[in-house]
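> Structure provided below as structure tokens; questions to follow.
Read-outs: derived from the displayed coordinates by stated rules, not from any lab. Note that the structure is predicted; figures quoted are calculated from it, not measured. As a convention, Cβ positions derive from the backbone with ideal geometry for all residues, glycine included, and neighbour counts pool all protein chains shown.
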């Protein structure tokens, strides 16, 4: 279940009424998709730091998803 916190809570309440713990003790509503606060470690040599406040020419070479894409910088040495 995902969405705004109030909507998620309402959905969980409906699910809990449909599947009460007394009849379905194995059904838990514990969140299982908690994201790690630490990112994937990446060596400094694989990161390209762009200048803040400056425009950089890039080419979108592959779009996997909204948060996963590959760029090329044609003017980068």
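> Taking every pair of alpha-carbon atoms in the chain, give the share separated by more than 21 Å as a whole percent. It would help to have the intermediate numbers written out before the result.
On the way: 1721 of 2926 pairs.
That tail contains 59 percent of the Cα-Cα pairs.
> For the pair residue 6 and residue 44, what calculated FRET efficiency results from E = 1/(1 + (r/R0)^6), where r is the Cβ-Cβ distance and R0 = 35 Å, to the nearest 0.05? Write out the running numbers ahead of the final one.
Working: r = 42 Å, r/R0 = 1.20.
My answer for the efficiency is 0.25.
> Helix 5-18 versus the longest principal axis of the chain: what angle, 0 to 90°, nearest 10, using Cα atoms?
Between the helix axis and the principal axis of the chain, the angle is about 30 degrees.
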